[in-house]
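Right, one structure below, let's go through it.
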């Protein structure tokens, strides 16, 4: 009997229900109607890759409740294997609300107390053979914020031992580490105590990582550097082969250990909800790495996928199909050629 085909991608980390307002420019206190969607960064990245034709699975946990049932069905509907998404009796499935103030203000409100089930991932329950075999393993910074998820994440990385491609999504959420607020934005402060708490765990994860992906805040937590080029080289010094620094309206920078440096401008789009763009970028980045594309092509494709999701309300349900990404890229190229 032949061995089962390895997954293209296994992601590990956050899952929950997104309850997003169906009105824009309205504070949460005045919103009357919401849409319900699968959410959580690790789940969204798996969905994004599955939409692009990749065989994807998720390692996570939900509450033993109707919202957990909904998430299992949503994963299956999106073509993501949910065999390693297991229930936790003690904690409810997390909810996340947001406010929509396009083009660049999307406050998030996480309901993950007393503890999120996805932080109850345990080392003993991991299928380490599958973790070793998958073509890409994707883990997140949030998975490091509490035990037993922290130990399980580091155990998966150690077992992987840099086989294939191992991606660390720096995924910095200060409130999960005792800090206040969300990502600080360029030039802001994310809170020294929260950064100090996270840094050694980020450093431990980077030692087992081949690709690191993050924005300025996330790079600062991981390396102490915010300036994109300095941050990229600091990530390389920490052990990765490829550093990808997301720069928001300034595009994306990637630096490979061999010295290859690529900078890609943002893909122009009318933004409705920017919250899922990074996860779409991540799934498309994995797609390009799996395809063996040149770095610039991979980044342009990932940027276009992120832009498409930013133009839509949902995160998971908004992940684009290959034809949509290619059409946007073709339109952008035509615009560049026009006088």
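The values are calculated or read from the model by the stated rules, or taken from the named source; none is laboratory data. All values derive from a computational prediction rather than experimental measurement. Cβ: placed from backbone, ideal geometry, glycine included. Neighbour counts: every protein chain shown.
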Quickly run through region 211-227 and pick out the residues that are farther than 14 Å from residue 237 by Cα, crowded, with 23+ Cβ neighbours inside 10 Å and in contact with a helix residue (DSSP H, G or I) (Cβ under 6 Å, 6 or more places away or on another chain). 221
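When you look at residue 200, is it surrounded by fewer than 19 Cβ atoms within 10 Å (Cβ to Cβ) and either touching a residue at least 12 places away in the same chain (Cβ under 8 Å) or assigned to a loop (DSSP other than H, G, I, E, B) (or both), yes or no?
Numbers: surrounded by fewer than 19 Cβ atoms within 10 Å (Cβ to Cβ): yes; either touching a residue at least 12 places away in the same chain (Cβ under 8 Å) or assigned to a loop (DSSP other than H, G, I, E, B) (or both): no.
Spelling it out, it is not the case that residue 200 is surrounded by fewer than 19 Cβ atoms within 10 Å (Cβ to Cβ) and either touching a residue at least 12 places away in the same chain (Cβ under 8 Å) or assigned to a loop (DSSP other than H, G, I, E, B) (or both).
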Show the residue pairs meeting these rules: Cβ distance below 9 Å; 6+ apart or different chains; first residue within region 225-242 and without any contact (Cβ under 8 Å) to a residue 12 or more places away in the chain; second residue part of a helix (DSSP H, G or I) and surrounded by fewer than 19 Cβ atoms within 10 Å (Cβ to Cβ). 225/233
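Taking residue 290, is it over 20 Å from residue 168 (Cα atoms), in contact with a strand residue (DSSP E or B) (Cβ under 7 Å, 6 or more places away or on another chain) and surrounded by fewer than 21 Cβ atoms within 10 Å (Cβ to Cβ)?
No.
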Yes or no: residue 277 in contact with a helix residue (DSSP H, G or I) (Cβ under 6 Å, 6 or more places away or on another chain) and either under 27 Å from residue 99 (Cβ atoms) or modelled with pLDDT of 95 or more (or both)? yes
Matching residues in region 9-37 - criterion: being on the phi < 0 side of the Ramachandran plot, modelled with pLDDT of 95 or more, assigned to a loop (DSSP other than H, G, I, E, B) and under 25 Å from the mean Cα position of the chain (by Cα): 14, 15
Any residue in region 53-69 that is on the phi < 0 side of the Ramachandran plot sitting within a Cβ distance under 8 Å of a residue that is at pLDDT below 95 and in a strand (DSSP E or B)? List the pairs, counting only those 6 or more apart or interchain. none
Give me the residue from region 233-242 that is in contact with a strand residue (DSSP E or B) (Cβ under 7 Å, 6 or more places away or on another chain) and assigned to a helix (DSSP H, G or I) and, out of that set, farthest from residue 286 (Cα to Cα). 233
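List the strands (runs of 3 or more DSSP E) that sit entirely inside region 38-137 and contain at least 2 residues that are crowded, with 24+ Cβ neighbours inside 10 Å. Working first, answer last.
Working: elements: 56-63, 80-88, 95-98, 108-111.
The qualifying strands (runs of 3 or more DSSP E) are 56-63.
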